[in-house]
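Structure first, commentary second.
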Amino acid sequence: MARDAINSMERRVRALVAFYSETGNTEKAARAIAEGLERAGVEAVVKRVESLGPGEIGHFDLVCIGTPVHYAAPASKVREFLERLPELNGKKAAIFCTYGFFGASRTLAILRSILEERKAEVLGELKVAGTVYHFKPLLLRRGRPDAEDLAKCRKFGERLGRALLSGTTP
């Protein structure tokens, strides 16, 4: 059998980048993480948590969950999605959040705790600055996430992808 035919029969490693975003900050980070995963050779699917059923994550080797920080915690739509998940039996996961002022570390700790309670293995976490729109007309951190922030997201995705493909921890 030709080498190309053998390679086409191999199952491709897949990652889901699931996120919730109100202003676009978290969506930008999610798409950049997916780009990094793709660069590493992992097929990445980007979806909003509102469009996902809890059973859908079983089709992926890695699940990345992203949320904006709301009052030093994950957005309620992300929490609701995670709380509906079945036991994950060692599924690989990663977490990320976008933040304006504070609460990123606490938000990531909450996400990690929920995923670990469901027996997921969290490979990494990332926090990314975002523009704050809640104090109009004063826009704080205008233009964030910026090119540097998104490059950081891509590198995070690449590290996750390489670790997933090699079976190591990033």
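Assorted remarks:
- Figure legend. Inter-residue proximity from the stretch 65-82: first residues closer than 22 Å to Gly157 by Cα, second residues among the polar types (S, T, N, Q) and assigned to a helix (DSSP H, G or I), beta-carbon distance below 7 Å, spacing 6+ or different chains. Indicated pairs: Gly66/Thr26; Thr67/Thr26; Thr67/Thr107; Pro68/Asn25; Pro68/Thr26; Val69/Thr107; Pro74/Thr107.
- Within the stretch 93-121, being surrounded by fewer than 18 Cβ atoms within 10 Å (Cβ to Cβ) and under 20 Å from Leu164 (Cβ atoms) holds for Arg112, Glu116, Arg118, Lys119, Glu121.
- Subset tally (residues that are crowded, with 24+ Cβ neighbours inside 10 Å and over 12 Å from the mean Cα position of the chain (by Cα)) for the stretch 12-35: 1
- Residue satisfying condition, being outside any helix (DSSP H, G or I), within 20 Å of Leu160 (Cα to Cα), modelled with pLDDT under 95 and over 14 Å from the mean Cα position of the chain (by Cα), within set Gly41, Gly58, Gly90: Gly90
- Within the stretch 83-97, residues that are in contact (Cβ under 8 Å) with a residue 60 or more places away in the chain reach partners that are in a strand (DSSP E or B) and of a type in the set (Ser, Thr, Tyr) with beta carbons closer than 6 Å, at six or more positions or on different chains, in the pairs Cys97/Thr67.
- Going through (1) among the β-branched types (Val, Ile, Thr); (2) assigned to a helix (DSSP H, G or I); (3) in contact with a Phe, Trp or Tyr (Cβ under 6 Å, 6 or more places away or on another chain) one by one, Ile110 falls short only on (3).
- Single condition Ser51 does not satisfy, out of (1) in contact with a strand residue (DSSP E or B) (Cβ under 7 Å, 6 or more places away or on another chain); (2) within 21 Å of Asn25 (Cβ to Cβ): (1)
The values are calculated or read from the model by the stated rules, or taken from the named source; none is laboratory data. This one's a predicted model, so the numbers in the text were calculated from it and none came from an experiment. Ideal geometry is used to build each Cβ from the backbone, glycine not excepted, and the neighbour counts take in all protein chains shown.
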